[in-house]
Amino acid sequence: MTDLAAYGSLFLAAFLAATLVPAQSESVLTGLILAGGQPVAALVAVASLGNILGSVLNWLIGRGIERFRTRQWFPASQAQLERAQARYQRFGYWSLLLAWVPIIGDPLTLVAGIMREPLWRFVILVSIGKVGRYAVLAAGVGVFR
């Protein structure tokens, strides 16, 4: 696999994994690390960038979702949105450090957009968690390599 294809597939997998689309990037990163064709730091950087940008897309969707809240096709009820917003207010913006956690992380980034979390703080906190997760994964794979 060429470097461009490897980095491109990793970026796409990481981007999609951070959105509400069910996808997984850890296996792609692990496979590329084990293949040994690219520097591990570059792979972690590409995966992190893709995952962070996918979370920013969720944040943007959250920012604009209010105007569709009353539509019949809207996937969440008023009560579900209010519960999510109440949880976000309860735990605050520090909860964004958990944006990497499966199942809760993607909706959390969407709710952060609904709650009008400032983008600068959102990106910093989400980045800490996501870069940390990929770095720990890469270190673990490196130990068993």
One finds the C-alpha centres of region 1-31 and region 62-100 to be spaced, in Å, by 26
Structure-based [θ]222 nm, the chain - -39500 (n - 2.57) summed over DSSP H runs of at least 4, per residue, nearest 500: -23000 deg cm²/dmol
Go ahead and set up a Gaussian network model of the chain, Cα springs under 10 Å, then flag whichever of Trp94, Trp120, Trp73 fluctuates most. Trp73
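Please identify the DSSP H helices in the chain that span no less than 27 Å along the helix axis (Cα) and have a mean Kyte-Doolittle hydropathy of 1.0 or more. Please list the in-between numbers first.
Values: long enough: 40-64 (36 Å, 1.46); 119-143 (35 Å, 1.45).
Span-like helices in the chain: 40-64, 119-143.
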Taking log10 I(q)/I(0) by the Debye sum over Cα atoms at q = 0.09, 0.11 Å⁻¹ as the quantity of interest, determine which of (1) -0.25, -0.38; (2) -0.30, -0.44; (3) -0.37, -0.54 was computed from the displayed structure. (2)
Of the residues Ile65, Ile52, Ile114, which exhibits the maximal mean-square fluctuation in a Gaussian network model of the chain defined by a 10 Å Cα contact cut-off? Ile65
Modelling each spin label as a point 7 Å along the Cα-to-Cβ direction, I'd like the Ile128/Ala35 distance in nm, to one decimal. 3.4
Gaussian network model of the chain, Cα springs within a sub-10 Å range: biggest mean-square fluctuation belongs to which of Arg133, Arg90, Arg63? Arg90
Among 13-20, 96-103, how do they line up from the highest to the lowest mean number of other beta-carbon atoms within 10 Å? 13-20, 96-103
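Read the figures in this text as sums done on the coordinates, not as results from a lab. Because the structure is a prediction, the values reported are computed rather than measured. Note that each Cβ is placed from the backbone with ideal geometry, even for glycine, and that neighbours are counted across all protein chains shown.
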